[in-house]
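The values are calculated or read from the model by the stated rules, or taken from the named source; none is laboratory data. Remember, predicted model here, so these are calculated numbers, not experimental data. Don't worry about glycine lacking a Cβ; one is built from the backbone with ideal geometry, like all the others, and counts go over all protein chains shown.
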Amino acid sequence: VKHSRRARLEAALRLWRRALGDDHVVTAAAARRSAERATFQTSQRIPALLRPASRLEVQACLRIAGRFRVPIHPVSCGKNWGYGSRVPVRDGAVVMELARMSRIVEFDERLGYVTLEPGVTFRQLHAFLRRRRSRLHANPTGSTPDASPLANALERGLGHGPLGDRFNGVCGLEVVLPTGECVRTGFARLPGAAAAPLHRWGVGPWVDGLFSQSSFGVVTRLTLWLSPIPELGDRIAATIGSARDLPRAIDALRPLLLRGVLRNPVKLTNDYRVLSTATRYPRSITKGDGVLPRALVRALLPKPFSWALSGTLEYATARHRAPERRLLRDALAASCGRVVFTREARLRGKGGDGWAELHRPGVSRDVVATYWRKRSAPPAEPDPDRDRCGAIWCSPVVPMTGRAVAAAVRIVERTTADSGFEPMITITALDGRSAHLVIPIFFDHAVARDDRRALACARRLHARLARRGFFPYRLGVNSMRLLPAANGDDAAFRRRLKLACDPRSILSPGRYAT
Ligand SMILES: Cc1cc2nc3c(=O)[nH]c(=O)nc-3n(C[C@H](O)[C@H](O)[C@H](O)COP(=O)(O)OP(=O)(O)OC[C@H]3O[C@@H](n4cnc5c(N)ncnc54)[C@H](O)[C@@H]3O)c2cc1C
């Protein structure tokens with residue numbers, strides 16, 4: 001069996017080389033090893049990497065893969081750090097990197113959209129918008145600017161700004177099915193459709209969701225909606241002194257989000273997580289590797305707090321500023337210290353446009369946090385895969401009530417402490433109905449024992465949160481099998497969908513249990 005698998009791979013490689021050119025079919029050991037590296041322990045082997053440059057080449061690659069039954073795992077920029085980087089769920093899949101497909105195909109300032117390919121990065125898109133003196137932004141994430149807006153949308157990633165729930169702002173997908181066929185979604189499937197980049201649903205069954213968090217097709221293009229950089233607004237910052245006041249703050253924010261006073265995501269970041277972006281685990285003080293005591297965290301922060309609240313307010317006119325500030329201030333009075341508002345004009349004054357900078361993909365202090373438990377300082381160009389930083393995300397969705405959020409926080413604090421990791425939590429409130437808790441486990445991936453401990457901690461976290469009904473918005477290659485069996489006939493239904501799209505089962509086997 002092993003021999004025939006090898007022979008099939010060799011035959012496929014020959015045809016892929018003919019389709020893409022020798023340079024873009026990579027079997028060199030160093031390149032394969034590098035792609036096999038994630039921010040936690042994995043054992044999957046990658047026999048080759050394919051680097052197609054166009055949709056036609058993607059189609060050719062998938063037809064060849066189907067013919068020889070070689071599994072393919074597509075990535076765009078491959079920066080899925082903390083969820084598995086470029087590593088496929090199953091052993092033996094060929095990784096298809098789409099970074100060479102980096103064209104911005106269409107852009108409209110007036111209607112606020114861009115149509116782009118998988119290899120376009122946040123950095124590239126930002127530079128493109130700046131060159132055009134655009135007043136739009138791409139709702140960037142806390143991750144590296146070298147990630148892909150298209151892939152981030154497919155994973156239903158979270159960003160800043162009103163379209164921070166990124167999959168809410170995409171349409172007109174162009175998808176290559178594992179059979180090599182090509183489909184377009186929404187109105188884009190109809191010839192000459194004027195609203196193809198502007199309307200999410202088109203007419204008839206809406207299928208875009210099938211290609212998000214799945215293994216049903218390779219997305220080679222999509223339209224991403226952009227948000228205007230607001231003319232008027234405030235950056236908001238406040239802190240919650242006592243952990244007991246967190247539920248009250250959540251219950252106060254909910255109506256403001258539901259009523260649209262807050263139109264951008266609001267973040268609550270706990271003390272440990274804030275510290276992780278400012279410094280590394282202070283071994284010189286702890287003299288050991290135990291969980292950093294909270295008292296020490298407090299002492300290391302310039303001003304101690306339990307939770308830091310951050311976000312932005314946008315105003316339709318200058319007259320909205322005072323009453324909307326008051327609404328927020330009054331709502332948070334019982335749970336937070338003073339709310340600090342910094343108006344756009346002040347941020348604009350400080351050497352460059354600090355207000356516009358708020359909306360740009362950053363150099364990311366957040367990525368530096370993955371060096372939290374490393375023995376050496378983060379380099380100027382952080383790369384957690386290369387530097388063997390340990391990071392695993394666990395990202396449960398919780399009802400936006402003080403009670404539910406407090407229950408989830410308790411589970412996280414108890415579970416991480418049991419396993420010897422700091423409880424780091426960011427709560428992102430997007431729309432007033434649910435909150436995303438984003439919990440990193442940071443450790444030193446170069447220490448095998450810590451690796452095993454971290455993976456076990458993540459498993460325990462998933463299990464304990466699930467017992468309370470809190471399931472993750474997104475999975476990593478480490479957690480694809482952690483969901484319980486679904487209700488009703490869901491599994492059979494999903495199997496049939498998979499079979500219809502991918503009759504030879506070649507695309508990312510095991511991903512999201514499809
Ligand atoms: C410190 C830190 C902070 C982070 N902050 C955030 C954050 O704020 N928000 C957030 O969302 N994430 C965050 N992340 C996680 C991650 O880095 C981002 O989600 C990043 O955008 C994913 O990498 P990528 O865009 O290169 O996607 P890729 O790695 O290219 O793709 C991710 C997955 O999507 C699928 N996929 C990709 N392209 C295609 C395609 N064309 N067709 C079909 N399937 C495809 C693949 O299965 C792939 O494994 C953070 C990570 C770290 C370490």
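Within the stretch 17-31, identify whether any single residue is within 23 Å of P382 (Cα to Cα) and either modelled with pLDDT of 95 or more or among the hydroxyl-bearing types (S, T, Y) (or both), and answer yes or no.
Start the filter on the stretch 17-31 by keeping residues that are within 23 Å of P382 (Cα to Cα), which leaves 30-31.
Then keep just the ones that are either modelled with pLDDT of 95 or more or among the hydroxyl-bearing types (S, T, Y) (or both); that gives 30-31.
Within the stretch 17-31, one or more residues are within 23 Å of P382 (Cα to Cα) and either modelled with pLDDT of 95 or more or among the hydroxyl-bearing types (S, T, Y) (or both).
Can you tell me which of I392, I427 is within 23 Å of S148 (Cβ to Cβ) and surrounded by 23 or more Cβ atoms within 10 Å (Cβ to Cβ)? So that I can check it myself, show each step before the final result.
Working: I427 fails: within 23 Å of S148 (Cβ to Cβ).
That would be I392, the only listed residue that is within 23 Å of S148 (Cβ to Cβ) and surrounded by 23 or more Cβ atoms within 10 Å (Cβ to Cβ).
Could you list all residues from the stretch 11-63 that are in contact (Cβ under 8 Å) with a residue 60 or more places away in the chain, surrounded by fewer than 21 Cβ atoms within 10 Å (Cβ to Cβ), touching a helix residue (DSSP H, G or I) at 6+ places or on another chain (Cβ under 9 Å) and part of a loop (DSSP other than H, G, I, E, B)?
Q41
Tally time: how many residues in the stretch 361-382 are surrounded by 16 or more Cβ atoms within 10 Å (Cβ to Cβ) and either part of a loop (DSSP other than H, G, I, E, B) or free of Cβ contacts under 8 Å to residues at least 12 places away in the same chain (or both)? So that I can check it myself, show each step before the final result.
So in the stretch 361-382, the residues surrounded by 16 or more Cβ atoms within 10 Å (Cβ to Cβ) come out as 361-362, 364, 366-374, 378, 382.
After this cut, where a residue has to be either part of a loop (DSSP other than H, G, I, E, B) or free of Cβ contacts under 8 Å to residues at least 12 places away in the same chain (or both) as well, the list is 361-362, 364, 372-374, 378, 382.
Summing the residues that are surrounded by 16 or more Cβ atoms within 10 Å (Cβ to Cβ) and either part of a loop (DSSP other than H, G, I, E, B) or free of Cβ contacts under 8 Å to residues at least 12 places away in the same chain (or both) in the stretch 361-382 gives 8.
Could you count how many residues in the stretch 67-106 are within 23 Å of Y371 (Cβ to Cβ) and out of contact with any Pro (no Cβ under 9 Å at 6 or more places or on another chain)?
Residues in the stretch 67-106 being within 23 Å of Y371 (Cβ to Cβ) and out of contact with any Pro (no Cβ under 9 Å at 6 or more places or on another chain): 7 in total.
For L358, only one of the following conditions fails: (1) modelled with pLDDT of 95 or more; (2) in contact with a strand residue (DSSP E or B) (Cβ under 7 Å, 6 or more places away or on another chain). What is its number?
(1)
Which one of V412, V398 is part of a helix (DSSP H, G or I), in contact with a strand residue (DSSP E or B) (Cβ under 9 Å, 6 or more places away or on another chain), more than 16 Å from the ligand (Cβ to nearest atom) and farther than 19 Å from A147 by Cα?
Details: V398 fails: part of a helix (DSSP H, G or I).
Just one listed residue meets the conditions, V412.
Can you report the number of residues in the stretch 236-245 which are surrounded by fewer than 21 Cβ atoms within 10 Å (Cβ to Cβ) and in contact (Cβ under 8 Å) with a residue 60 or more places away in the chain? Please lay out each step first, then the result.
Keep residues of the stretch 236-245 that are surrounded by fewer than 21 Cβ atoms within 10 Å (Cβ to Cβ), which gives 237, 241-245.
Now restrict to residues that are in contact (Cβ under 8 Å) with a residue 60 or more places away in the chain: 237, 241-243, 245.
Qualifying residue count, the stretch 236-245: 5.
Can you tell me which residue in the stretch 75-105 is nearest to the ligand (Cβ to nearest atom), limited to those that are within 14 Å of T220 (Cα to Cα) and not in a loop (DSSP other than H, G, I, E, B)?
First, pick out the residues of the stretch 75-105 that are within 14 Å of T220 (Cα to Cα): 75-77, 96-105.
The next check asks that each one be not in a loop (DSSP other than H, G, I, E, B); those that pass are 75, 96-97, 104-105.
Details: V75: 4, M96: 9, E97: 8, I104: 15, V105: 14 Å.
Only one residue fits best here, namely V75.
When residues of the stretch 127-138 are filtered for being away from the ligand (no atom under 12 Å from the Cβ) and either surrounded by 20 or more Cβ atoms within 10 Å (Cβ to Cβ) or part of a strand (DSSP E or B) (or both), how many remain? Steps first, answer last, please.
Within the stretch 127-138, the first condition is being away from the ligand (no atom under 12 Å from the Cβ), and the residues that meet it are 127-137.
Pick out the ones that are also either surrounded by 20 or more Cβ atoms within 10 Å (Cβ to Cβ) or part of a strand (DSSP E or B) (or both) and you get 129, 136-137.
Selection size over the stretch 127-138: 3.
If I ask for residues that are of a type in the set (K, R), more than 16 Å from the ligand (Cβ to nearest atom) and surrounded by 12 or more Cβ atoms within 10 Å (Cβ to Cβ), which ones from the stretch 461-514 would you list? Write out each step before concluding.
Taking the stretch 461-514 first, the residues of a type in the set (K, R) are 464, 467-468, 474, 481, 494-496, 498, 504, 511.
Still in the list and also more than 16 Å from the ligand (Cβ to nearest atom): 464, 467-468, 494-496, 504.
Correct list: R464, R468, R494, R495, R504.
Restricting to the stretch 106-120, name every residue that is within 12 Å of the ligand (Cβ to nearest atom) and among the charged types (D, E, K, R).
Step one: of the stretch 106-120, the residues within 12 Å of the ligand (Cβ to nearest atom) are 116-120.
Once the filter is applied, which keeps residues that are within 12 Å of the ligand (Cβ to nearest atom) and among the charged types (D, E, K, R), the stretch 106-120 yields only E117.
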